[in-house]
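Worksheet: one structure, shown below.
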Amino acid sequence: MLQVIDSTPQEVKEWIDKNEAILVDIRESQELTEARVTGAIHLPLSEFNPSQIPNEPGKKTVLICGHGIRSRQVGNFLLERGFLKKAYHVTTGIAGWKNAGLPTDTA
């Protein structure tokens, strides 16, 4: 059975810096005013269309939400329906990203 791979904010930041990952933020637009990761692709869950998930060969697709709950659910959905062969998520979401002191922007 395919499972979403748990990832720490630090791991994901390193992957992004090395151009090894695409970060997909599934939070709603109003949540982005709090903080967002520069370069993340915004696909709000309320308008979610699985065909919009980028699937670049050789890059990890990483999902992020507020605290890691929705990103795991979306990752499982994408795996179960064959949209991705591997899915990663930031286990602590944007909250953990900020707590780790990693850079964010406000929209």
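The values are calculated or read from the model by the stated rules, or taken from the named source; none is laboratory data. Remember, it's a predicted structure, so these values are computed and weren't measured experimentally. Every residue, glycine among them, receives a Cβ derived from its backbone with ideal geometry; neighbour counts consider all protein chains shown. Heavy atoms of the whole protein, side chains included, go into the accessibility calculation; ligands, DNA and RNA do not. Shrake-Rupley method; radii C 1.70, N 1.55, O 1.52, S 1.80 Å.
Below are the figures for this structure:
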item: Hits in the range 45-59 (condition: part of a helix (DSSP H, G or I) and either closer than 14 Å to N19 by Cα or of a type outside the set (D, E) (or both)); result: L45, S46, P50, S51, Q52
item: Criterion violated by Q52 - all others in (1) under 20 Å from A100 (Cα atoms); (2) among the polar types (S, T, N, Q); (3) surrounded by fewer than 17 Cβ atoms within 10 Å (Cβ to Cβ) satisfied; result: (1)
item: Qualifying residue in the range 78-96 (condition: under 21 Å from N49 (Cβ atoms), out of contact with any helix residue (DSSP H, G or I) (no Cβ under 7 Å at 6 or more places or on another chain) and of a type in the set (D, E)); result: yes
item: Which numbered condition V62 misses (of (1) assigned to a helix (DSSP H, G or I); (2) modelled with pLDDT of 95 or more); result: (1)
item: The range 74-90 residues that are at negative phi, paired with ones that are assigned to a loop (DSSP other than H, G, I, E, B) and open to solvent by 50 Å² or more (accessible area, probe 1.4 Å) (beta carbon under 6 Å, 6 or more apart); result: L79/L2
item: Selection within the range 32-56 - polar (S, T, N, Q) and in contact with a Pro (Cβ under 9 Å, 6 or more places away or on another chain); result: T38
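So that you can scan it fast, the table gives a plain yes or no per residue for (1) open to solvent by 50 Å² or more (accessible area, probe 1.4 Å); (2) touching a Leu at 6+ places or on another chain (Cβ under 6 Å):
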{"site": "V4", "(1), (2)": "no, no"}
{"site": "V12", "(1), (2)": "no, no"}
{"site": "R27", "(1), (2)": "no, no"}
{"site": "I41", "(1), (2)": "yes, no"}
{"site": "P57", "(1), (2)": "yes, no"}
{"site": "L78", "(1), (2)": "no, yes"}
{"site": "K86", "(1), (2)": "yes, no"}
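For every residue, the table says whether it meets (1) at pLDDT below 95; (2) closer than 16 Å to L102 by Cα.
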| position | (1), (2) |
| --- | --- |
| I5 | no, no |
| V12 | no, yes |
| I22 | no, no |
| L32 | yes, yes |
| G58 | yes, no |
| Q73 | no, no |
| N76 | no, no |
